[in-house]
Amino acid sequence: MNTDKRIGIYLDHFQAHFVNFDGDAENFDKIDSDFDHFEKEKSLSKSESGMHNKEQKELGAFFKKIIKVISNYDDVLLFGPTDAKVELFNYLRSEHKFDKIKMEVKNSDKLTENQKLEFVKYHFKTVLNYK
């Protein structure tokens, strides 16, 4: 029996939705970035450079929250409609303490909660042959 802990993370630059896949148990959780659309507009009205600096700082804090969750899993699927998943993946691969975690990055459109669940189920059951 495979005892790997698996999770799918649907993310963009503003939210991360966790789809925990552990056998037949699925549940949802989410983390919001502190840098939302309102903050982006507010920072952009002051200066583009300031907005970029604030966005990078907030994105780093957002990724750290996600990384705390990822460190508890053996197999991680990062998916979503933006480049945030690739940015997080590249950061994780630069940190050798995450070398033992299997990670994949997949593109997806914007998805409903049910579609996210089906996406994760399909990935782990069909693509990776987990039962």
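Return yes when Lys64 is under 16 Å from Ile31 (Cα atoms), within 13 Å of the chain's Cα centre (by Cα) and free of Cβ contacts under 8 Å to residues at least 12 places away in the same chain and no when it is not. In short, yes.
The set of residues in the range 84-101 that are without any contact (Cβ under 8 Å) to a residue 40 or more places away in the chain and under 16 Å from Ile9 (Cβ atoms) comprises Val86, Glu87, Phe89, Asn90, Tyr91, Leu92, Arg93, Phe98, Ile101. If you take the residues in the range 67-86 that are closer than 10 Å to Ala16 by Cβ and surrounded by 21 or more Cβ atoms within 10 Å (Cβ to Cβ), which one is modelled with the lowest pLDDT? Ranking the qualifying residues of the range 67-86, first place goes to Ala84. Pick from the range 7-21 the residues that are open to solvent by 10 Å² or more (accessible area, probe 1.4 Å) and over 13 Å from Leu117 (Cβ atoms): which of them is modelled with the highest pLDDT? Among those residues, the one meeting the criterion is Gln15.
The numbered conditions (1) in contact (Cβ under 8 Å) with a residue 24 or more places away in the chain; (2) assigned to a helix (DSSP H, G or I); (3) closer than 19 Å to Asp29 by Cα are all true for Leu78 except (2).
The values are calculated or read from the model by the stated rules, or taken from the named source; none is laboratory data. As the structure is a prediction and not an experimental result, all values here were calculated from the model. Reconstructed Cβ throughout: ideal geometry from the backbone, glycine too, with neighbour counts over all protein chains shown. Keep in mind that these areas ignore ligands, DNA and RNA; they rest on the heavy atoms of the full protein, side chains included. Shrake-Rupley method; radii C 1.70, N 1.55, O 1.52, S 1.80 Å.
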